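Accompanying notes for the structure given below.
The values are calculated or read from the model by the stated rules, or taken from the named source; none is laboratory data. These figures come from a predicted structure and were not determined experimentally. Every residue, glycine among them, receives a Cβ derived from its backbone with ideal geometry; neighbour counts consider all protein chains shown.
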Amino acid sequence: NDGRRTGFHPPKLTDALLWAKRTGAVLELDKKPTTSFRNIAATVKAANAAENVIFISYNDDQAAEIAAIDPDLMMTASAYGDRDVAKLEARGVDRTRLIGWTGVDEPKPYAWQRLMKVGVEPAFGTLGRKGKRLDDVYLADGDGSEYDALAADGLVLLATDEPYRVADLIRADDVGRAACGR
């Protein structure tokens, strides 16, 4: 909307969780300073939507806090290989509930391969400040091939500021859908 005021109001968390549960969507929940992981987890549990949620952690302390609240919650946490995963496990994080966040600066296929070797799916972001983010670089030519290359290099979860444009361009999701028969 280019910074223009709209009449749209964001939904309440409970409404978003119920929508995700009804549609099969998966929401990434980013804790803000005005709440706690415990409050968010309680809302997720009340909506019976734990299978539709991934908690975002920004450091090992937050990852450990999420795991302590409920070890079955899915989360992203910074991890680039087996040593990072082992450190998180030592703090109570279950690797089967972990998605390894590998940043936004540059693709790290070597880290994605190391994570996959230890059973952790990798995540990476092309989002960020407009004009500096990889989304702007990748979308400049209009073909989406860079996104397909990320998937070919082993990336499982992509965080982008341009989900609709990326979805229209990439073919990796079509290949995945065909492989699983959907």
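Identify all residues within region 106-127 that are closer than 22 Å to Q62 by Cα and either β-branched (V, I, T) or modelled with pLDDT under 95 (or both); write none if there are none.
V118, V120
Within region 68-79, is even one residue touching a residue at least 24 places away in the same chain (Cβ under 8 Å) and more than 23 Å from E121 (Cα to Cα)?
No, because not a single residue in region 68-79 is touching a residue at least 24 places away in the same chain (Cβ under 8 Å) and more than 23 Å from E121 (Cα to Cα).
Taking the condition at pLDDT 95 or above, charged (D, E, K, R) and surrounded by 16 or more Cβ atoms within 10 Å (Cβ to Cβ), does R91 pass?
no
Failed condition for G144, given (1) in contact (Cβ under 8 Å) with a residue 24 or more places away in the chain; (2) in the same structural domain as T76 (by TED's automatic domain parsing), with all others met?
Going through the list (1) in contact (Cβ under 8 Å) with a residue 24 or more places away in the chain; (2) in the same structural domain as T76 (by TED's automatic domain parsing), G144 breaks only (2).
Going through I56, I69 one at a time, which residue ends up being β-branched (V, I, T), closer than 23 Å to K87 by Cα and over 16 Å from the mean Cα position of the chain (by Cα)?
I69
Look at region 125-137 and say how many of its residues are without any contact (Cβ under 8 Å) to a residue 24 or more places away in the chain, part of a helix (DSSP H, G or I) and not aliphatic (A, V, I, L, M).
1
Would you check if R97 is of a type in the set (D, E, K, R) and touching a residue at least 24 places away in the same chain (Cβ under 8 Å)?
Against the criterion (of a type in the set (D, E, K, R) and touching a residue at least 24 places away in the same chain (Cβ under 8 Å)), R97 qualifies.
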